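Report on the structure given below.
The values are calculated or read from the model by the stated rules, or taken from the named source; none is laboratory data. Keep in mind it's a predicted model, so treat the numbers as computed, not measured. Cβ placement follows ideal geometry from the backbone for every residue including glycine, while neighbour counts extend to all protein chains displayed. For the accessible areas, the whole protein counts, side chains as well, though only heavy atoms, and no ligand, DNA or RNA atoms are used. Shrake-Rupley method; radii C 1.70, N 1.55, O 1.52, S 1.80 Å.
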Amino acid sequence: MSHSKPGPAAATDRAALERVTDIFKALSNPVRVGIVRELAAGDRAVHELVAALDVAQPRVSEHLAVLRGARLVEARRAGRTVSYHLVDEHVAHIVEDAVVHADEHR
């Protein structure tokens with residue numbers, strides 16, 4: 001019986017799985033899910049997210065920092081205004097699929 005080492009594909013798979021886990025950790029809060037849903041409709045400034053989510057500005061900023069750290073959102077500055085956008089549409093699809101799933105299984 002031989003014991004073989006995992007090949008490069010296994011290492012890549014492990015790295016991909018760790019990245020997936022990081023994404024789900026970043027999405028593991030209702031406010032962050034709400035932010036992603038808002039950004040799926042287009043760029044939003046922090047004050048727009050505050051109004052849409054009815055959450056205090058410091059909390060929205062904290063959650064945006066988590067999403068930025070996970071490389072799910074990016075900021076754009078235009079003069080004094082900073083707006084946020086999703087890095088890609090995949091995250092929006094993941095969130096919407098999860099919302100649909102949750103609604104179907106109430």
Just from its helices, what would the mean residue ellipticity at 222 nm be for the chain, if runs of 4 or more DSSP H residues each count -39500 (n - 2.57) and the sum is divided by every residue, rounded to the nearest 500 deg cm²/dmol? -20000 deg cm²/dmol
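For the chain, give the percent of accessible area contributed by carbon and sulfur heavy atoms, probe 1.4 Å, rounded to a whole number.
54 percent
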If you line up the long axis of helix 30-40 against the longest principal axis of the chain, both from Cα atoms, how many degrees apart are they, to the nearest 10? 80 degrees
Computed from the beta carbon distance with a Förster radius of 30 Å, FRET efficiency for Arg68 and His105 to the nearest 0.05 stands at 0.45
Over the chain, average the accessible area per residue using a 1.4 Å probe and give it in Å², no decimals. 70 Å²
With all protein chains present and a 1.4 Å probe, the order of Asp54, Asp97 from largest accessible area down is Asp54, Asp97
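Using alpha-carbon pairs under 8 Å, 6+ residues apart, how would you state the relative contact order of the chain in percent?
So the answer I get is 26 percent.
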May I ask you to give the average projected area over all directions of the convex hull of the Cα atoms of the chain, in nm² rounded to one decimal? 9.9 nm²
